[in-house]
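Only one structure is covered here, and it is reproduced in the block below.
The values are calculated or read from the model by the stated rules, or taken from the named source; none is laboratory data. Because the structure is predicted, anything quoted here is derived from the model rather than measured. Backbone-built Cβ (ideal geometry, glycine too); neighbour counts: all protein chains shown. Ligands, DNA and RNA are excluded from the accessible area calculation, which covers all protein heavy atoms including side chains. Shrake-Rupley method; radii C 1.70, N 1.55, O 1.52, S 1.80 Å.
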Amino acid sequence: MLHVENLQVKYGAIAALKGISISIERGKIVTLLGTNGAGKTTTLRTISGLVKASGGCVRFEGKDITNHPCHEIVALGIAQSPEGRMIFSNLTVKENLEMGAYLRKDKMEIQKDMDFAFSIFPRLKERLKQPGGTLSGGEQQMLAISRALMTRPRLLMLDEPSLGIAPILVKTIFEKVVEINRELGMTILLVEQNAHLALQIAHFAYVIETGHLAIQGNAADIARNEDVRRAYLGET
Amino acid sequence: MKSNSSKLYLLAAIMVSLLVSFFQDQINPYYFQIVIYIGINIILATSLNLINGFAGQFSLGHAGFMSIGAYTAAVASSMLHVSSGNPTGFLVLPVALLLGGAVAALAGLLVGIPTLRLKGDYLAITTLGFGEIIRVVIQNLNFLGGPRGFIGIPKLTNFFWVFSVVSIVVFVISNLINSTYGKGFLAVRDDEIAAQAMGINTTKYKVVAFITGAFIAGIAGGLYAHFVSYINPQQFSFIKSIEIVVMVVVGGMGSTAGVIFAAVVLTILPEALRTVAQYRMVIYSLLLVIIMITRPQGLFGKRFNLGRFFSALRKLRVSS
């Protein structure tokens with residue numbers, strides 16, 4: 001469904017991505033692992049058009065979308081929940097969700113999607129009229145994921161959903177990610193530092209190191225891989 | 001239904017301003033002048049609020065757009081005046097105002113496209129520089145009177161024109177911000193990256209905010225020119241830009257009601273303080289400092305909006 005080939009990105013003179021190739025199959029959860037600064041977020045943001053690629057290409061459902069403007073890529077069906085949540089803190093929860101459906105005109109379907117978001121995250125419904133900035137970190141993450149779902153994407157990209165959230169909520173959110181994948185058949189690209197949890201829910205995994213692809217394979221195999229266990233799962 | 005009732009308010013406001021304009025000769029000219037300045041400042045402040053408050057782009061060049069509108073309208077009306085030989089023709093002023101607004105909007109587009117890649121302080125400095133460039137250019141254009149100023153502009157601005165424009169501007173901006181399209185401005189302000197990730201064309205929003213703000217400022221400039229009948233570049237220096245920014249900040253960035261209130265208070269205040277003569281500006285500045293310390297979010301909070309205020313009023317009426 002999504003093919004990234006030899007993707008390169010430079011920030012000024014510094015090469016952040018030195019040729020990353022990944023591909024994502026429809027209906028799967030694919031995780032992108034790596035340490036701080038490895039280029040996970042850059043990869044995701046280049047796919048979504050927030051960052052411009054200096055080389056390589058991104059193809060979504062057969063269409064070349066490399067360096068297309070962000071709003072076109074969203075319209076094509078790729079949504080992201082950005083790192084650090086980035087919800088609209090002065091807009092209410094409902095308005096945040098409405099902004100997610102910004103490009104859509106189908107009122108009935110929008111309401112349906114909103115109801116689905118509430119069924120997954122009932123807490124959002126309780127906080128409907130509250131400004132987004134007053135939510136807890138975990139609730140903001142739920143809102144960010146729901147807001148991305150409101151664009152009715154075919155590919156959902158989640159950037160570090162576990163970042164700065166109480167451990168108990170991290171577990172809930174990961175369960176919900178699985179639920180979204182199962183219920184909607186949603187293809188998900190999950191960028192995570194918490195390799196342990198990510199490998200539990202993902203079907204396929206890529207590990208990147210300083211802009212290179214280091215390892216790739218089925219999530220279960222990667223979880224057993226000696227190098228990965230040493231480097232990312234804290235085992236000696 | 002809500003938009004119907006706000007249309008009714010708009011119509012009523014225009015009718016009232018028409019009614020008052022019949023009696024404007026009986027108002028003390030000094031007070032009348034202050035009232036007109038209040039109206040013009042409301043137009044300037046609410047339009048800057050669209051750029052600074054709602055879209056979150058810090059512009060310091062509003063006086064530049066105002067001066068473009070003022071000069072364009074002045075040229076237009078003196079030409080129409082000569083050709084029609086009828087200085088009081090009813091259509092002269094609106095045509096001049098629209099022309100002034102259009103040219104200011106064009107300037108807004110020209111400035112907006114290259115500068116809106118910049119953020120915060122950088123954008124503020126560039127727009128400040130732009131405002132000064134406009135002033136210097138006008139100062140050196142002889143056919144506009146250069147530093148001596150442009151004289152003999154027909155005195156066409158009256159109570160009706162100023163307050164009709166005030167009503168229309170407030171109506172349009174309030175409705176814009178409450179619409180789904182308008183919420184995009186707030187999204188761009190709150191988080192640009194997230195807004196982009198939702199499929200919002202953030203550049204377009206910023207440019208639209210800039211052009212609309214410039215257009216309205218241009219109209220305010222035209223009204224001003226046709227009220228004072230003499231304009232010179234010094235009237236549109238960056239001090240004027242700062243004055244407008246202060247109204248927006250004191251009223252509360254992103255609160256239309258707050259900004260209107262601040263425009264009224266900050267226009268009256270320097271006049272009311274004339275009784276204390278030389279301490280006038282000291283007290284004025286001190287009050288600004290005190291307001292900012294006690295109400296850093298502005299006199300009215302960010303989330304205060306007119307629509308909600310009116311619906312709250314209606315609920316009160318129903319319940320009592």
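Worth a mention:
- Checking B:K183 against (1) open to solvent by 50 Å² or more (accessible area, probe 1.4 Å); (2) within 14 Å of another protein chain (Cβ to nearest Cβ); (3) under 14 Å from B:F54 (Cα atoms), the condition it does not meet: (1)
For (1) more than 14 Å from every other protein chain (Cβ to nearest Cβ); (2) open to solvent by less than 10 Å² (accessible area, probe 1.4 Å); (3) among the hydroxyl-bearing types (S, T, Y); (4) within 12 Å of the chain's Cα centre (by Cα), each residue gets a yes or a no:
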| position | (1), (2), (3), (4) |
| --- | --- |
| A:L143 | no, yes, no, no |
| A:T151 | no, no, yes, no |
| A:S162 | yes, no, yes, yes |
| A:I173 | yes, yes, no, no |
| A:N181 | yes, no, no, no |
| A:A195 | yes, yes, no, no |
| A:I201 | yes, no, no, no |
| A:T210 | yes, no, yes, no |
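- 2 or more residues within 29 Å of B:R135 (Cβ to Cβ) and at pLDDT 85 or above: qualifying helices (runs of 4 or more DSSP H) within region B:1-118: B:29-49, B:62-84, B:92-115
- Search result, residues across region A:77-96 that are of a type in the set (A, V, I, L, M, F, W, C) and at the interface with another protein chain (Cβ under 10 Å from one of its Cβ atoms): A:I78, A:A79, A:M86, A:I87, A:F88, A:L91
- Enumeration of residues in region B:236-259 that are over 16 Å from B:I134 (Cα atoms), hydroxyl-bearing (S, T, Y) and assigned to a loop (DSSP other than H, G, I, E, B): B:S255
- Taking region A:87-113 as the range and being closer than 26 Å to B:A55 by Cα and in a helix (DSSP H, G or I) as the test, the residues that pass are A:V93, A:K94, A:E95, A:N96, A:L97, A:E98, A:M99, A:G100, A:K107, A:I110.
- Counting only helices (runs of 4 or more DSSP H) that sit completely within region A:133-230, those holding 1 or more residues that are free of Cβ contacts under 8 Å to residues at least 12 places away in the same chain correspond to A:167-184, A:219-224.
- A:K105 among the basic types (K, R) and surrounded by fewer than 21 Cβ atoms within 10 Å (Cβ to Cβ): yes
- Qualifying position, being over 30 Å from A:E83 (Cβ atoms), open to solvent by less than 20 Å² (accessible area, probe 1.4 Å), away from chain A (no Cβ under 14 Å) and part of a helix (DSSP H, G or I), among B:A214, B:A209: B:A214
- When the strands (runs of 3 or more DSSP E) confined to region A:1-68 are screened for residues that are within 22 Å of A:E160 (Cα to Cα), those reaching at least 3 such residues are found at A:2-11, A:14-24, A:29-33.
- Meets criteria (in contact (Cβ under 8 Å) with a residue 40 or more places away in the chain, within 20 Å of A:L149 (Cβ to Cβ) and open to solvent by 20 Å² or more (accessible area, probe 1.4 Å)) for A:R59: no
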